[in-house]
Amino acid sequence: FHHTSDLRRVQNRQYFRMGYDQPADVGVLGNYAEESAEEGGGKRVVQKVRGRIVNISAGGCAIIFGQEVSVQHTVRVPLEFDGADPFNVDGQVISAMPLAGGRFLGRITFMHIDDETRDRIAQFVIRRQQRVLEQAEKGVS
């Protein structure tokens, strides 16, 4: 997972991602209620799964879960950045890989996300990049 913090690494993704460390009670969402799928708000949490966000970008994140998660599940990921008000982002599990100790690495792509929220995440990643670069220049690791 260290490759996400190496700024010299060539990124082949739409959004730059950075290492991140945040515990999260991720909500597994049920079926849409009466609202359409494009709205994103019609799903409700039917189960909570404990996890730890290990990297993030404006397009998605990676989470290590304490139990198995299934591909294609829709989840609600709580995010908290630098003491700002927490917020939730819905996403779809696009891959799940078993890890040692009964844990699973889930890759999540954000969906039904508005431009303001995506920009908020992108700005956080940029600020984090700047801190990493400043620390590298000072010789701090």
Regarding the stretch 56-137, what is the average projected area of its C-alpha convex hull, in nm²? 6.4
Could you list which residues have their amide H under 5 Å from that of Gln22, counting only those 5 or more apart in sequence or on another chain, with H placed in the peptide plane? Ile53
Using the Cβ atoms and a cut-off under 14 Å, what net charge is assigned to the surroundings of Val46, where Lys and Arg are +1 and Asp and Glu are -1? +2
In debye, nearest 20: dipole of the stretch 72-141 around its Cα centre with unit charges on the Cβ of K, R (+) and D, E (-)? 380
In a shell of Cβ-Cβ distance under 13 Å around Met97, excluding Met97 itself, what net charge do Lys and Arg (+1) and Asp and Glu (-1) give? +1
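No lab work stands behind these numbers, since they all come straight from the coordinates. Computed from a predicted model, the values in this text were never measured in an experiment. Counting neighbours? That spans all protein chains shown, and the Cβs are built from the backbone with ideal geometry, glycine included.
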